[in-house]
1. Among the strands (runs of 3 or more DSSP E) confined wholly to the range 1-94, which include 1 or more residues that are of a type in the set (A, V, I, L, M, F, W, C) and farther than 22 Å from ASN119 by Cα?
2. I'd like the full set of residues that are surrounded by fewer than 16 Cβ atoms within 10 Å (Cβ to Cβ) and out of contact with any Leu (no Cβ under 6 Å at 6 or more places or on another chain), limited to the range 1-31.
3. Which of the residues spanning the range 93-114 are modelled with pLDDT of 90 or more and either buried (at least 17 other Cβ atoms within 10 Å of the Cβ) or touching a Ser or Thr at 6+ places or on another chain (Cβ under 6 Å) (or both)?
4. Among the residues of the range 45-60, which ones are surrounded by 12 or more Cβ atoms within 10 Å (Cβ to Cβ) and either modelled with pLDDT under 90 or β-branched (Val, Ile, Thr) (or both)?
Amino acid sequence: MVAKDAEYRLQITPYINERTSRTSTLVTLSTIKSFASFRYALDVDAEFDGDTLRLCVLGLKTPDPDLPAAGPAEFKQDYEEMSGDCRIVVKGLDGSSTAIAVRVTPQSVTLMGPVTGGNVALDLHPPHRSP
(Lines give C-alpha, C1' and ligand atoms only; values in the text may rest on other atoms or scores of the structure.)
Protein backbone atom coordinates (compact mmCIF):
# COMPACT_ATOMS: atom_id res chain seq x y z
CA MET A 1 0.00 0.00 0.00
CA VAL A 2 2.83 2.35 -0.83
CA ALA A 3 1.95 5.55 -2.64
CA LYS A 4 4.31 6.27 -5.53
CA ASP A 5 5.50 9.66 -4.27
CA ALA A 6 4.86 9.16 -0.56
CA GLU A 7 6.46 11.59 1.88
CA TYR A 8 5.11 9.93 5.03
CA ARG A 9 4.52 6.44 6.37
CA LEU A 10 1.45 5.84 8.56
CA GLN A 11 1.49 2.78 10.80
CA ILE A 12 -1.64 1.72 12.68
CA THR A 13 -1.22 -1.04 15.27
CA PRO A 14 -3.78 -2.38 17.75
CA TYR A 15 -2.28 -3.66 20.99
CA ILE A 16 -3.10 -4.58 24.56
CA ASN A 17 -1.39 -2.47 27.17
CA GLU A 18 0.19 -5.00 29.55
CA ARG A 19 0.09 -2.60 32.48
CA THR A 20 -3.62 -1.71 32.20
CA SER A 21 -4.90 -4.72 30.16
CA ARG A 22 -6.80 -2.24 27.97
CA THR A 23 -7.03 -2.38 24.21
CA SER A 24 -5.47 0.56 22.42
CA THR A 25 -4.30 1.68 18.98
CA LEU A 26 -0.83 3.05 18.33
CA VAL A 27 -0.64 5.52 15.44
CA THR A 28 2.84 6.32 14.11
CA LEU A 29 3.46 8.89 11.39
CA SER A 30 7.02 9.12 10.11
CA THR A 31 8.87 10.61 7.20
CA ILE A 32 9.91 8.29 4.36
CA LYS A 33 13.18 10.20 4.24
CA SER A 34 15.75 9.23 6.85
CA PHE A 35 18.10 11.77 8.36
CA ALA A 36 21.75 10.71 8.46
CA SER A 37 23.12 12.64 11.42
CA PHE A 38 20.11 13.52 13.55
CA ARG A 39 16.75 11.90 14.27
CA TYR A 40 14.03 14.53 14.48
CA ALA A 41 10.55 14.37 15.96
CA LEU A 42 7.73 15.08 13.53
CA ASP A 43 5.72 18.04 14.86
CA VAL A 44 2.05 17.15 14.28
CA ASP A 45 -1.21 18.78 15.30
CA ALA A 46 -3.40 15.74 16.05
CA GLU A 47 -7.16 15.91 16.63
CA PHE A 48 -9.38 12.88 17.22
CA ASP A 49 -13.15 13.40 17.47
CA GLY A 50 -14.30 9.81 17.90
CA ASP A 51 -14.39 8.67 14.29
CA THR A 52 -11.95 10.97 12.47
CA LEU A 53 -8.26 11.43 13.25
CA ARG A 54 -6.72 14.52 11.66
CA LEU A 55 -2.93 14.68 11.52
CA CYS A 56 -1.55 18.00 10.29
CA VAL A 57 2.23 18.03 9.84
CA LEU A 58 3.70 21.31 11.15
CA GLY A 59 7.38 20.54 10.59
CA LEU A 60 10.34 19.01 12.38
CA LYS A 61 11.51 19.57 15.92
CA THR A 62 14.40 18.43 18.06
CA PRO A 63 13.38 15.51 20.26
CA ASP A 64 14.12 15.23 23.98
CA PRO A 65 16.77 14.12 24.72
CA ASP A 66 18.57 15.43 21.69
CA LEU A 67 21.12 12.64 21.21
CA PRO A 68 22.49 12.16 17.70
CA ALA A 69 20.91 9.23 15.82
CA ALA A 70 20.00 8.37 12.25
CA GLY A 71 16.49 7.62 11.02
CA PRO A 72 13.18 9.14 9.97
CA ALA A 73 11.37 11.91 11.83
CA GLU A 74 8.52 10.38 13.83
CA PHE A 75 5.28 11.17 15.66
CA LYS A 76 3.64 8.53 17.90
CA GLN A 77 0.31 8.74 19.70
CA ASP A 78 -1.76 6.17 21.55
CA TYR A 79 -5.57 6.17 21.16
CA GLU A 80 -7.54 3.98 23.59
CA GLU A 81 -10.86 5.16 22.18
CA MET A 82 -10.08 4.41 18.52
CA SER A 83 -12.29 1.51 17.41
CA GLY A 84 -14.77 0.64 14.69
CA ASP A 85 -14.91 2.56 11.42
CA CYS A 86 -12.49 5.49 11.45
CA ARG A 87 -11.26 8.02 8.94
CA ILE A 88 -7.69 9.28 9.06
CA VAL A 89 -6.69 12.46 7.25
CA VAL A 90 -3.01 13.37 6.92
CA LYS A 91 -2.18 16.89 5.76
CA GLY A 92 1.42 17.43 4.69
CA LEU A 93 3.58 20.53 4.95
CA ASP A 94 2.84 21.35 1.32
CA GLY A 95 -0.93 21.35 1.98
CA SER A 96 -1.55 18.03 0.22
CA SER A 97 -4.00 15.75 1.94
CA THR A 98 -4.50 11.98 2.13
CA ALA A 99 -7.68 10.35 3.47
CA ILE A 100 -7.80 6.75 4.65
CA ALA A 101 -10.83 4.77 5.87
CA VAL A 102 -10.08 1.89 8.24
CA ARG A 103 -11.89 -0.46 10.60
CA VAL A 104 -10.08 -0.87 13.92
CA THR A 105 -10.69 -3.89 16.16
CA PRO A 106 -8.55 -5.35 18.96
CA GLN A 107 -7.55 -8.08 16.49
CA SER A 108 -6.82 -6.06 13.34
CA VAL A 109 -6.87 -2.86 11.31
CA THR A 110 -8.53 -3.24 7.91
CA LEU A 111 -8.47 -0.82 5.00
CA MET A 112 -12.13 -0.04 4.11
CA GLY A 113 -11.71 1.67 0.75
CA PRO A 114 -9.21 3.32 -1.56
CA VAL A 115 -6.66 5.73 -0.15
CA THR A 116 -7.36 9.18 -1.60
CA GLY A 117 -4.38 11.45 -2.12
CA GLY A 118 -0.87 10.20 -2.52
CA ASN A 119 1.57 11.46 0.09
CA VAL A 120 1.19 8.60 2.61
CA ALA A 121 2.38 4.98 2.57
CA LEU A 122 0.16 2.85 4.81
CA ASP A 123 1.30 0.00 7.09
CA LEU A 124 -1.35 -1.96 8.95
CA HIS A 125 0.12 -4.15 11.68
CA PRO A 126 -1.25 -7.14 13.55
CA PRO A 127 -1.97 -6.65 17.26
CA HIS A 128 0.75 -7.01 19.85
CA ARG A 129 1.52 -6.25 23.50
CA SER A 130 2.57 -2.82 24.81
CA PRO A 131 4.91 -0.94 22.47
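The values are calculated or read from the model by the stated rules, or taken from the named source; none is laboratory data. Because the structure is a prediction, the values reported are computed rather than measured. Note that each Cβ is placed from the backbone with ideal geometry, even for glycine, and that neighbours are counted across all protein chains shown.
1. Output list reads 8-16.
2. Narrowing the range 1-31 to residues surrounded by fewer than 16 Cβ atoms within 10 Å (Cβ to Cβ): 1-2, 4-5, 16-22.
Those that are surrounded by fewer than 16 Cβ atoms within 10 Å (Cβ to Cβ) and out of contact with any Leu (no Cβ under 6 Å at 6 or more places or on another chain): VAL2, LYS4, ASP5, ILE16, ASN17, GLU18, ARG19, THR20, SER21, ARG22.
3. Across the range 93-114, the qualifying residues are THR98, ALA99, ILE100, VAL102, ARG103, VAL104, VAL109.
4. THR52, VAL57
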